[in-house]
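Okay, structure first, notes after.
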Amino acid sequence: MHGEPVANSPRRRGRPRLAVQTVEGDPREQILEVAGRLFTAQGYAATGTREIAAAVGLEQPSIFHWFARKEDILAELLDRTVSPALATGDLLKDKRADLEERLYALARGDVANLCSGPVNLAALQLLPEARGEAFTSFWARREELKEQYGSILRELRQAKRLAVTPVGLATDLVFGMVESVINWFDREGAYTSDQVADAVATAVVRAAVAD
């Protein structure tokens with residue numbers, strides 16, 4: 001009858017979505033996870049916000065409710081490759097642990113973070129677009145993380161326990177060992193992220209600490 005509501009057809013409310021969502025949970029996290037997969041698989045320039053939105057199950061304008069620009073999505077993904085290790089380093093500053101224990105803990109946490117997740121987000125820093133001005137904050141935070149290693153190594157030198165000198169060379173060596181997992185760790189390989197984190201952190205201590 002004209003004017004009567006149709007049974008079993010409630011009006012949809014909220015932001016329009018496509019029929020299928022590929023990721024469950026918070027829409028902001030959905031966007032980041034899908035964007036991370038697409039950026040690592042096909043590149044940053046080749047991935048548009050419309051494609052990200054479709055893969056998540058959102059209309060394209062909805063993305064801009066959480067991220068003003070596509071650059072902001074990449075900036076957040078890059079930051080997640082250093083923020084956990086920075087937090088670990090800050091905690092270690094207040095611990096009365098031996099220097100080699102602090103170095104091990106920082107390196108292990110850093111490697112574990114780089115190897116975590118379903119895709120290699122740290123590889124995004126190798127993209128040419130990641131060198132743009134929009135991402136200067138990430139590179140500054142990465143340098144801050146590198147300085148946390150350098151601080152421990154300077155203390156080792158003062159204690160006459162640093163195996164490699166000068167400190168700058170030792171810092172480059174240690175940081176390079178940690179970040180090498182970006183290029184060789186296989187998420188579908190024989191070794192877990194925990195195994196790799198333990199192995200790399202142990203190698204870092206043995207390379208840097210004289211005994």
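The values are calculated or read from the model by the stated rules, or taken from the named source; none is laboratory data. Quantities reported herein were computed from a predicted structural model and do not represent experimental measurements. Reconstructed Cβ throughout: ideal geometry from the backbone, glycine too, with neighbour counts over all protein chains shown.
Residues that are in a helix (DSSP H, G or I), in the same structural domain as residue 202 (by TED's automatic domain parsing), touching a strand residue (DSSP E or B) at 6+ places or on another chain (Cβ under 7 Å) and over 22 Å from residue 27 (Cβ atoms) are absent from the stretch 114-129.
Got at least one residue in the stretch 146-160 being closer than 21 Å to residue 32 by Cα, of a type in the set (Lys, Arg) and within 17 Å of the chain's Cα centre (by Cα)? Walk me through it before giving the result.
Narrowing the stretch 146-160 to residues closer than 21 Å to residue 32 by Cα: none.
No, every residue in the stretch 146-160 fails to be closer than 21 Å to residue 32 by Cα, of a type in the set (Lys, Arg) and within 17 Å of the chain's Cα centre (by Cα).
Of the helices (runs of 4 or more DSSP H) lying entirely inside the stretch 147-211, the ones with 3 or more residues being of a type outside the set (Val, Ile, Thr) and modelled with pLDDT of 95 or more are found at 167-179, 193-208. Here residue 139 meets the list (1) outside any helix (DSSP H, G or I); (2) surrounded by 13 or more Cβ atoms within 10 Å (Cβ to Cβ); (3) at pLDDT 95 or above almost entirely, failing just condition (1).
Total residues in the stretch 87-113 satisfying the condition of being aliphatic (A, V, I, L, M) and in contact with a strand residue (DSSP E or B) (Cβ under 8 Å, 6 or more places away or on another chain): the figure is 2. Taking residue 88 as the residue in question, decide whether it is closer than 23 Å to residue 135 by Cβ, of a type outside the set (Phe, Trp, Tyr), surrounded by 19 or more Cβ atoms within 10 Å (Cβ to Cβ) and modelled with pLDDT of 95 or more. Criteria not met by residue 88.
Quick one: is residue 192 free of Cβ contacts under 8 Å to residues at least 24 places away in the same chain, of a type outside the set (Asp, Glu) and either touching a helix residue (DSSP H, G or I) at 6+ places or on another chain (Cβ under 9 Å) or in the same structural domain as residue 112 (by TED's automatic domain parsing) (or both)? When the stated conditions are applied, residue 192 passes them.
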